[in-house]
1. Among 42, 36, 28, which is the only one that is within 13 Å of the chain's Cα centre (by Cα) and modelled with pLDDT of 95 or more?
2. Being open to solvent by 50 Å² or more (accessible area, probe 1.4 Å) and modelled with pLDDT of 95 or more: is that true of residue 140 here?
3. Inspect all residues belonging to the range 141-162 and state whether any of them is within 30 Å of residue 69 (Cα to Cα) and touching a residue at least 60 places away in the same chain (Cβ under 8 Å).
4. From the list 7, 2, pick out the single residue that is assigned to a loop (DSSP other than H, G, I, E, B) and among the hydroxyl-bearing types (Ser, Thr, Tyr).
5. In the range 6-20, what count of residues is obtained for those that are within 19 Å of residue 118 (Cα to Cα) and open to solvent by 10 Å² or more (accessible area, probe 1.4 Å)?
6. Of the conditions (1) of a type in the set (A, V, I, L, M, F, W, C); (2) farther than 15 Å from residue 58 by Cβ; (3) open to solvent by less than 30 Å² (accessible area, probe 1.4 Å), residue 106 fails just one. Which one is it?
7. So residue 66 clears everything in (1) open to solvent by less than 50 Å² (accessible area, probe 1.4 Å); (2) out of contact with any Lys or Arg (no Cβ under 7 Å at 6 or more places or on another chain) except one condition, right? Which one?
8. Hey, residue 79 hits all of (1) among the charged types (D, E, K, R); (2) surrounded by fewer than 17 Cβ atoms within 10 Å (Cβ to Cβ); (3) over 29 Å from residue 130 (Cβ atoms) but one; which does it fall short on?
Amino acid sequence: MTVLPLTLLVVAKAPVAGFAKTRLTPPLAPAEAADLAAAALLDTLAAVRDCGPARGVVAWTGDLERACRAREIGSALRDFDVVPQRGDGFGVRLANAHADAARFGLPVLQIGMDTPQAGPALLAECGARLLAGPDAVLGPAADGGWWALGLCDVRPARALAEVPMSTDRTGALTREALLRNGCRVEMLRELNDVDLYSDIAEVAAGCQGLFAAAAGSLTAAPGT
């Protein structure tokens, strides 16, 4: 396997019933939503491990012992350097996670846990794009946010603290913030992340792992 000379950073939250993926409930029960989040996280960790980064880092928040599939997640995390998320507000935590991942002295490609369809081949492609020359790569999400952010120098990530998160303008505002900080930004492939019940089937169609199996086992129907 070719080793990518970068750090791949996953920003993750413990998939605890009642706290994870609450926008999926209803129609899903809290335990179903959390199990789906756990499956997405496990697929994401496997994809990161298998794409061959020099380092794998997880910025973690939440109680692993209360999480769905806690034993499986705990086992998967042994392959990663795990750091706690720090700061108030998601943008601040993202900025701090980039700073923590940068301590290994490598470019950083950051993803979340909501795009299990981003398999090892796609992640390796995104990493190669970052290493090919731009200062930054940004993967737009279909809802107006973003699913991936890569930086050769993580200092511009400090601008994330000022970007409103979870809006339909987050992706555009993030790109603008990077440009203001002097970055040459290359856009990656757009993906849909799992925020709403209507996202599940589309994302599962692009997966072959645990998320697809969990999605296929759901019996709830929209509006019930």
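The values are calculated or read from the model by the stated rules, or taken from the named source; none is laboratory data. Quick caveat, the model's predicted, so the values are computed rather than measured. Cβ placement follows ideal geometry from the backbone for every residue including glycine, while neighbour counts extend to all protein chains displayed. Heads up: the accessible areas ignore ligands, DNA and RNA and are worked out on the full protein's heavy atoms, side chains in. Shrake-Rupley method; radii C 1.70, N 1.55, O 1.52, S 1.80 Å.
1. Being within 13 Å of the chain's Cα centre (by Cα) and modelled with pLDDT of 95 or more holds for just one of 42, 36, 28, which is 42.
2. Numbers: open to solvent by 50 Å² or more (accessible area, probe 1.4 Å): no; modelled with pLDDT of 95 or more: yes.
Answer is no for this residue.
3. yes
4. 2
5. The qualifying residues number 2.
6. Checking residue 106 against (1) of a type in the set (A, V, I, L, M, F, W, C); (2) farther than 15 Å from residue 58 by Cβ; (3) open to solvent by less than 30 Å² (accessible area, probe 1.4 Å), the one that fails is (3).
7. Going through (1) open to solvent by less than 50 Å² (accessible area, probe 1.4 Å); (2) out of contact with any Lys or Arg (no Cβ under 7 Å at 6 or more places or on another chain) one by one, residue 66 breaks only (1).
8. So the condition that residue 79 fails would be (3).
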